[in-house]
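Here the structure comes first, spelled out in structure tokens, and everything after it is commentary.
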Amino acid sequence: MRSDITHGGVFPDFELPDHTGTVRTLSELQGSDPLVLTLARGHYCPKEHQQHLEMAVVLQPKVAVAYTQIATISTDDHHTLQEFRLSVGAQWPFLSDPGRIVQRELDIKEYTDPEHDPMIPYTLVLKPGLIVHSVYNGYWFWGRPSTYDLWQDLRDVTREIRPDWDLSAPGLRQAWDSGDRSPFHGWDRRPASPQQQT
């Protein structure tokens, strides 16, 4: 992995087609939320299936209510990518990179598997702005993060990026009472009520 892809670094904003064929950027998929990004070997690898199944069954329902995103990049072609996504029950975007753009740019060619020419499988937790919080090297299965590891990372990231993490923090109640919704996630995107506009 490139030396700048470490805690505090900025992950490249790759632009790749998703499982529907729509070209997406990582920043678009992330929005203003934390992002769990997996760089996967592909559909052929049983370790990928095990990790993605656990994420789909255990993590996906929690992510759905936690203002958090997940994305997977795989070297699979479009059809195989769809099969991979469906086979593990994932609802998040899978991005296809059969040209190995990510593999080359990040210097993560898994040279011990010349038959499939995959990426070394990494999982990253990214703060908004694609800022790296944590990096897990999954070449060996136990190097991959458990859902518990991801929960801990996402707790730390969310605490850092959400001003309303602790509603008892000084000034938050006063901001709310005065109609200032900017520190409150979700509320900051709603139109002001008539009484707030006066």
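Filtering the stretch 66-97 to residues that are free of Cβ contacts under 8 Å to residues at least 40 places away in the same chain, crowded, with 16+ Cβ neighbours inside 10 Å and outside any strand (DSSP E or B) leaves 76, 80, 88, 90, 92. All of 102, 125, 135 fail the test of being in contact with a Leu (Cβ under 6 Å, 6 or more places away or on another chain) and within 18 Å of residue 39 (Cβ to Cβ), apart from 135.
Every condition in (1) in contact (Cβ under 8 Å) with a residue 12 or more places away in the chain; (2) within 16 Å of the chain's Cα centre (by Cα) holds for residue 119 except the one numbered (2).
In the stretch 131-198, counting only helices (runs of 4 or more DSSP H) that sit wholly within it, the ones holding 2 or more residues that are modelled with pLDDT of 95 or more and surrounded by 12 or more Cβ atoms within 10 Å (Cβ to Cβ) span 147-161. Selection of the stretch 130-144 for residues being closer than 17 Å to residue 5 by Cα and touching a helix residue (DSSP H, G or I) at 6+ places or on another chain (Cβ under 8 Å) yields 130, 133, 134, 136, 137, 138, 144. Selection of the stretch 136-170 for residues being touching a residue at least 12 places away in the same chain (Cβ under 8 Å) and farther than 23 Å from residue 8 by Cα yields only 141.
Can you tell me which residue within the stretch 1-27, out of those that are more than 21 Å from residue 99 (Cα to Cα) and without any contact (Cβ under 8 Å) to a residue 24 or more places away in the chain, is surrounded by the fewest Cβ atoms within 10 Å (Cβ to Cβ)? So, considering only residues that are more than 21 Å from residue 99 (Cα to Cα) and without any contact (Cβ under 8 Å) to a residue 24 or more places away in the chain, the one surrounded by the fewest Cβ atoms within 10 Å (Cβ to Cβ) is 3.
The values are calculated or read from the model by the stated rules, or taken from the named source; none is laboratory data. Because the structure is a prediction, the values reported are computed rather than measured. Neighbour counts run over all protein chains shown; Cβ positions are idealised from the backbone, glycine included.
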